[in-house]
1. Taking segment 134-146, which residues are surrounded by 12 or more Cβ atoms within 10 Å (Cβ to Cβ) and more than 11 Å from F96 (Cβ to Cβ)?
2. When T92 is evaluated against the numbered criteria (1) more than 17 Å from the chain's Cα centre (by Cα); (2) of a type in the set (S, T, Y); (3) within 15 Å of K60 (Cα to Cα), which criterion, by number, is the only one it fails?
3. I'd like the full set of residues that are at pLDDT below 80 and of a type in the set (D, E), limited to segment 12-50.
4. Hey, which of the strands (runs of 3 or more DSSP E) in segment 103-156, taking only ones fully inside, have at least 1 residues that are touching a Phe, Trp or Tyr at 6+ places or on another chain (Cβ under 8 Å) and among the charged types (D, E, K, R)?
5. Being touching a strand residue (DSSP E or B) at 6+ places or on another chain (Cβ under 8 Å) and under 26 Å from M84 (Cα atoms), is that true of even one residue in segment 11-28?
6. Please specify each residue of segment 2-17 satisfying the condition of being farther than 17 Å from R59 by Cα and exposed (fewer than 11 other Cβ atoms within 10 Å of the Cβ).
7. Could you say whether any residue in segment 144-161 is under 14 Å from Y68 (Cβ atoms) and aromatic (F, W, Y)?
8. Quick one: would you say G66 is modelled with pLDDT of 95 or more, surrounded by 16 or more Cβ atoms within 10 Å (Cβ to Cβ) and out of contact with any Gly (no Cβ under 9 Å at 6 or more places or on another chain)?
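The values are calculated or read from the model by the stated rules, or taken from the named source; none is laboratory data. Predicted model, so just to flag it, every value in this text is computed and none were measured. With ideal geometry, Cβ positions are generated from the backbone for all residues, glycine too; neighbour counts draw on all protein chains shown.
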Amino acid sequence: QMKKLYANEQDKGTLVCDRCGKTRVINLADFKNIGKPLKVKCGCGYIFFVSIEVRKFYRKDTNLTGEYIRISHDITKGLEKGAMTVEDLSRTGIGFRTKAPHNIHVRDMLRVRFILDDARQSEVSKSAVVRRVELFFVGAEFLDFDAFNETNRTLGFYLMPR
């Protein structure tokens with residue numbers, strides 16, 4: 001399985017060998033735009049591949065059900081509501097797939113609501129701005145990801161790597 005390596009603020013990342021557990025901090029500045037997995041050979045002889053993530057925050061793959069509401073600036077167009085599957089989630093944003101054709105465009109405002117698959121089945125409801133649209137897939141950035149509130153706290157715990 002391909003491992004993901006996340007760059008910190010100084011463009012450094014920590015490699016961990018699955019065989020011997022040895023760690024090594026490397027500078028990722030030279031590698032973050034190569035666009036393909038990096039082949040790594042540990043001192044113990046073990047060879048593995050890592051993909052470099054240049055995102056600031058960990059992104060978790062998910063399969064959560066929810067709904068979205070597209071909020072139009074034009075009052076005559078009204079609201080568009082639809083079912084979605086949340087495919088990935090981070091502290092700052094969401095990637096989801098709509099269940100049906102939609103009229104969502106980049107820079108649209110959305111209200112998204114979904115249930116986490118945590119022990120409490122926590123409900124998350126957040127406002128977001130659309131950053132990417134590819135057919136049924138929508139990527140959006142949360143508007144209040146820096147706020148100290150219960151929703152962001154719950155999301156933070158959910159996103160902790162296990």
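1. In the first step, residues of segment 134-146 are kept if they are surrounded by 12 or more Cβ atoms within 10 Å (Cβ to Cβ); the result is 136-145.
Within segment 134-146, E141, F142, L143, D144, F145 meet the criteria.
2. (1)
3. D30
4. Values: elements: 109-115, 123-134, 137-142.
Fully inside segment 103-156 and qualifying: 109-115, 123-134.
5. Taking segment 11-28 first, the residues touching a strand residue (DSSP E or B) at 6+ places or on another chain (Cβ under 8 Å) are 11-18, 22-28.
If we keep only those that are under 26 Å from M84 (Cα atoms) too, we end up with none.
Checked segment 11-28: no residue is touching a strand residue (DSSP E or B) at 6+ places or on another chain (Cβ under 8 Å) and under 26 Å from M84 (Cα atoms).
6. The answer is Q10, and nothing else.
7. No: segment 144-161 contains no residue that is under 14 Å from Y68 (Cβ atoms) and aromatic (F, W, Y).
8. Working: modelled with pLDDT of 95 or more: yes; surrounded by 16 or more Cβ atoms within 10 Å (Cβ to Cβ): yes; out of contact with any Gly (no Cβ under 9 Å at 6 or more places or on another chain): yes.
So G66 passes the test.
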